[in-house]
Every structure is written in C-alpha cells, then in structure tokens.
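Reviewing the structure listed below.
The values are calculated or read from the model by the stated rules, or taken from the named source; none is laboratory data. This structure is a prediction, so every number in the text was calculated from the model and none was measured. We place every Cβ from the backbone using ideal geometry, glycine too, and count neighbours over all the protein chains shown. The area values use the complete protein model at the heavy-atom level, side chains included, leaving out ligands, DNA and RNA. Shrake-Rupley method; radii C 1.70, N 1.55, O 1.52, S 1.80 Å.
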Amino acid sequence: MSDNTRHTSHTGTIELLNTTLAAAKAEDRAALIAYLPAGFPTVDGGIEAVKAAIAGGADVVEVGLPHSDPVLDGPVIQTADDIALRGGVRIADVMRTVREAYEATGAPILVMTYWNPIDRYGIERFTAELAAAGGAGCILPDLPVQESAVWRENAEKHGLATVFVVAPSSRDERLATITAAGSGFVYAASLMGVTGTRASVGDQAQNLVVRTRATTSLPVCVGLGVSNAAQAAEVAGFADGVIVGSAFVKAILDAPDAAAGTAAVKALAGELAEGVRKR
C-alpha cells in the first residue's frame, strides 16, 4: 500500500470550506485565500509554507499541483513550478501536503490543478485520495463545465468542492452555466491574462463579481493581481474572498533561505489578513 492511500481517516471537507467562508462573511469581511505550489521550494518546505500562511491569517489555502505548462500562471509561479518539478514532486507529494497542512491546522485546503494530470491519474483515484487526505476540493481552471460531469459526480461522492473559474470575457449565460455546476466558491479572475503581482487590480473585477453574484449564491472570490494589504482591502470591498498567489511565491523566492521564506509567508499573510478586514 502506498503512503498516499494508507491514511483513509478523512473524508472530503467541503463543509469545512463552506463554514469557513460563511464565518468570514458573518464577521463582515472577505476571506483570505492563499495559493502555494506543492514541492516548492521542497516538499517539506512547501508544507511549512502552507502552515505559515494559515498561521499568519489565511482562512483557506490552495495547494498548486506543479505543471510543466501552466497556462494561467505568470512567470513567478512558473518559476516555482519548475523548481518543484526539478525536485521530483509527484501527485503523492501534493496529497501529503494537503494532509499534513490540514491535520496541523484544521483549515480547508484545496488543490488547484490543470485537468491533464487528473485525467492521466484517474478521476476516481484522484478524488478518493484527495478526500482521504482531508482536502476540501479542487479548482480546475481549464476543465470545460460541459465535460465536467464525471469529475463532479466523483467529487460530490467524496465530499469535495468543484471550483470553476470565470473571467471578464464570460458572457452572462455562460456565467450561469458555470456557477450552476460549481460548489464551494466561484473563482473570479480579475483580468484577462496570467497570474502575477500588479500595480493595480483590474477594474473589470468588480463588474465581474456583480455579474457572477446575479447567477449564484456561492461566494465569489477574486484572484490575479493582489499582492499587498491595500489591494486586498480594495478587492475585499466587493468580493467574498481575496486570492493571493504570486506574492507568496515571490516572498519565498526572494528569501535567503527556507526559514526566512516561511517567515516571510507568515508575515505577508498577516498583512493581507489585516487588509481584508479594512474593507
């Protein structure tokens, strides 16, 4: 029996995700959602980074499954993915990251991945292992909703959320189709382009949130471009959650060593957590 199938004490934790987002709303603030790739800078270092983000104030963490061709991700996350892949990261390591982070913190942990690795790995196998690790769900930026039925059936069976991504280019009819199929929350990409820190958050984001909310009662969380407390506060003014990825990765890349990187992640999470409370 492999290590990633030995631990079967958990089921998927979509309800934990739902209650966490509801608790943030009850506090009249947005949730802070951090993104960190598994295996970066190492598998163990990545696990420590996820724990540090939660300790600093993140409510939810997305664990990225490193991919050789991450079409949604900009150069910072691509660099992290390259480091993780060169280090030999496997899907089993992604599951271990989810499990150890969840067991250590009790926070909802999702996986963000492109579809191809799951398709090759096997939907039933992936969802069963993610649920067994205590995962809360999966964010699938390139899975067409029309082709998602088998995935959603397995995810629901294992208590996992299916988070779809909507973009400013999504027409209203398309938004309704996507949000009807999703669960957990809706990931609203604030602009057309790839991830990365930016001087300002795209002005299309607020309009996209309004249009998306018209189709669903799911929380709408905005990602792409947020890197500091002021931007977090700005986005928190109109969204249910603020998603930050590249800024966390950059904090690790810029640190002189792993311990300093972990400390920088915790400090940044603290600043952003203050930001989402200042909306």
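May I ask you to list the lysines whose Cα is less than 18 Å away from that of Lys51, ignoring any residue fewer than eight positions away on the same chain?
Lys250, Lys266
Between Ala22 and Ala180, with labels modelled 7 Å along Cα→Cβ, what's the label distance in nm to one decimal, could you check?
Output for this residue pair reads 2.5 nm.
Under a point spin-label approximation (7 Å from Cα along Cα-to-Cβ), what is the Thr11-Ala260 distance to one decimal in nm?
Here the modelled spin labels are 4.7 nm apart.
So which DSSP H runs in the chain come out at 30 Å plus along the axis (Cα) with average Kyte-Doolittle of at least -1.0?
Passing helices, by number: none.
With every protein chain left in place, what is the accessible area per residue of the stretch 80-197 in square angstrom, probe 1.4 Å?
Numbers: 4580 Å² over 118 residues.
Result: 39 Å² per residue.
Placing +1 on the Cβ of each Lys and Arg and -1 on the Cβ of each Asp and Glu in the chain, which of Asn18, Met95, Ser68 has its Cα farthest towards the positive end of the resulting dipole?
Asn18
How large is the charge dipole for the chain, taken about the Cα centre, if only the Cβ atoms of Lys, Arg (+1) and Asp, Glu (-1) carry charge, to the nearest 20 debye?
Roughly 320 debye for the chain.
Using modelled amide H (1.01 Å from N, peptide plane; none on Pro or chain starts), what sits under 5 Å from the amide H of Ala161, excluding residues fewer than 5 places away?
Placed amide hydrogens put Ile14, Gly137, Cys138 under 5 Å from Ala161.
With every protein chain present, what is the per residue accessible area of the stretch 10-61 (1.4 Å probe, Å²)? Walk me through the numbers before you get to the answer.
Numbers: 1750 Å² over 52 residues.
Ligands and nucleic acids excluded, the result is 34 Å² per residue.
Which net charge results when you count Lys and Arg as +1 and Asp and Glu as -1 among the other residues whose beta-carbon is under 14 Å from that of Phe185?
Once positives and negatives cancel, what remains is -2.
How do Ser183, Ser246 stack up against each other in accessible area, from largest to smallest, with a 1.4 angstrom probe? Walk me through the numbers on the way to the answer.
Values: Ser183 30, Ser246 10 Å².
Putting Ser183, Ser246 in descending order of accessible area: Ser183, Ser246.
Explain nothing, just the number: dipole magnitude of the stretch 69-157 about its Cα centre with +1 on each Lys and Arg Cβ and -1 on each Asp and Glu Cβ, in debye rounded to the nearest 20.
For the stretch 69-157, the charge dipole is close to 220 debye.
Rounded to a whole number, what % of the accessible area of the chain do carbon and sulfur atoms account for, probe 1.4 Å?
In the chain, the share of accessible area belonging to carbon and sulfur is 50 percent.
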